[in-house]
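Notes for the one structure printed next.
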Amino acid sequence: MSGAVKVIAALTLLAAIGVGIAAFLPWVVSESGGVRVSANGIGTVSVDGSTLDLPDFDSDPEAKDGVLTLAAAIVVALFALVSVAIRKVSPMHLVSGVFALLGGLGIAAIGVIDVLDVKDQSTSFAEIEVGYGLWATLGLGIVLVILGIVGIVKRR
């Protein structure tokens with residue numbers, strides 16, 4: 001088996017872990033009148049670093065796209081972990097590459113849609129910006145797509 005297969009699987013595992021972490025980082029940030037409000041991918045809102053419990057926000061499924069990216073990242077990470085653990089030629093390396101490609105496409109699509117949604121939100125009293133967690137999600141989704149393609153091509 002090629003040493004590249006292990007490296008690709010390990011990089012896929014790291015990228016999937018990064019996506020999981022990014023779900024808990026700020027996806028949307030707004031500042032107005034010296035008050036900084038941010039929301040992460042799983043729907044937690046913070047005001048100046050203090051977490052708020054907002055029941056209306058919690059019921060909004062669009063505010064929790066990080067849950068979807070986290071779930072996809074866990075699946076991709078599990079297959080990548082198995083691929084790393086297998087030390088011989090196996091169809092599992094191909095399966096891991098396919099899951100990385102499909103998971104990465106889904107994660108990147110969610111990232112693009114959410115970035116465009118945040119960019120469309122503008123108010124006259126507050127500036128709303130894309131948070132670094134959402135940028136990381138989008139970037140790592142693209143990385144997973146690339147690693148998935150490379151993993152499919154270099155599966156032996």
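The values are calculated or read from the model by the stated rules, or taken from the named source; none is laboratory data. The model shown is predicted, which means the values in this text are computed figures rather than measured ones. Cβ: placed from backbone, ideal geometry, glycine included. Neighbour counts: every protein chain shown. Protein only, heavy atoms only, side chains kept; ligands, DNA and RNA dropped before computing areas. Shrake-Rupley method; radii C 1.70, N 1.55, O 1.52, S 1.80 Å.
From the residues in segment 96-130 that are in contact with a Gly (Cβ under 9 Å, 6 or more places away or on another chain) and not in a helix (DSSP H, G or I), which one is modelled with the lowest pLDDT?
Restricting to residues being in contact with a Gly (Cβ under 9 Å, 6 or more places away or on another chain) and not in a helix (DSSP H, G or I), the top hit is PHE125.
Whether any residue in segment 19-27 is part of a strand (DSSP E or B) and open to solvent by less than 50 Å² (accessible area, probe 1.4 Å) is what I want to check. Working first, answer last.
Applying the first criterion (part of a strand (DSSP E or B)) to segment 19-27 yields 26-27.
Next, from what is left, pick out any that are open to solvent by less than 50 Å² (accessible area, probe 1.4 Å): 26-27.
Yes, segment 19-27 contains a residue that is part of a strand (DSSP E or B) and open to solvent by less than 50 Å² (accessible area, probe 1.4 Å).
Which of (1) buried (at least 22 other Cβ atoms within 10 Å of the Cβ); (2) without any contact (Cβ under 8 Å) to a residue 60 or more places away in the chain; (3) farther than 17 Å from ALA136 by Cα is the odd one out, the single condition SER96 does not satisfy?
The number of the failed condition is (2).
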